[in-house]
1. Of the conditions (1) within 30 Å of Arg90 (Cβ to Cβ); (2) within 16 Å of the chain's Cα centre (by Cα), Phe55 satisfies every one except a single condition; which number is it?
2. So His39 ticks every box in (1) in a helix (DSSP H, G or I); (2) modelled with pLDDT of 90 or more; (3) surrounded by 12 or more Cβ atoms within 10 Å (Cβ to Cβ) but one. Which box is left unticked?
3. Counting only residues that are surrounded by fewer than 10 Cβ atoms within 10 Å (Cβ to Cβ) and out of contact with any helix residue (DSSP H, G or I) (no Cβ under 9 Å at 6 or more places or on another chain), which one in the range 49-72 is farthest from Ser14 (Cα to Cα)?
4. Could you tell me which of the residues Lys84, Lys32 is over 21 Å from Asn13 (Cα atoms), of a type in the set (Lys, Arg) and out of contact with any Leu (no Cβ under 7 Å at 6 or more places or on another chain)?
5. If you go through the range 78-90 one residue at a time, do you hit one that is loosely packed, with under 12 Cβ neighbours inside 10 Å, in a helix (DSSP H, G or I) and among the hydrophobic types (A, V, I, L, M, F, W, C)?
6. Residues being loosely packed, with under 15 Cβ neighbours inside 10 Å, assigned to a loop (DSSP other than H, G, I, E, B) and in contact (Cβ under 8 Å) with a residue 12 or more places away in the chain: count how many of those fall in the range 15-34.
7. Which residue pairs have Cβ atoms under 9 Å apart, sit 6 or more places apart or on different chains, and have a first residue in the range 63-91 that is closer than 20 Å to Val18 by Cα and a second that is of a type in the set (A, V, I, L, M)?
8. Only one of these is under 28 Å from Pro81 (Cβ atoms), within 15 Å of the chain's Cα centre (by Cα) and modelled with pLDDT under 90: Phe67, Phe63, Phe11. Name it.
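The values are calculated or read from the model by the stated rules, or taken from the named source; none is laboratory data. None of these values were measured; they are calculated from a predicted model. Heads up, the Cβs are rebuilt from the backbone with ideal geometry, glycines too, and the neighbour counts pull from every protein chain shown.
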Amino acid sequence: FLASPEIENIFENSDFLVLLSQAQGDRQILAKQLGISPHQLSYVTHTNSGEGLLFFGNTTIPFVDRFPQNTELYAIMTTRPEDKKQEMNRA
């Protein structure tokens, strides 16, 4: 799927991409299509929540974002099922 011409067009026409943890096969395809170095791949290989790569134009930025979990904003934004379940149990 990632190697299809349609997906290649999406990558070519996107000025901004965010990649989070990727499966092995997908990482290799993405590395080739996006020119990701082996070191940069480490940011999308078996990573934790909040870690990945940002692509903006020709710039690639690795990021690690440790968002505080004890905030109202985190409770609103989280997509982790276990966090949502805890929130429902508190209500």
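1. (1)
2. So His39 meets the others, but not (3).
3. Asn70
4. Criteria check complete, one pass: Lys84.
5. Yes, because at least one residue in the range 78-90 is loosely packed, with under 12 Cβ neighbours inside 10 Å, in a helix (DSSP H, G or I) and among the hydrophobic types (A, V, I, L, M, F, W, C).
6. 2
7. Phe63/Val18; Phe63/Leu53; Phe63/Leu54; Phe67/Leu73; Phe67/Met77
8. None of the others qualify; the one that does is Phe67.
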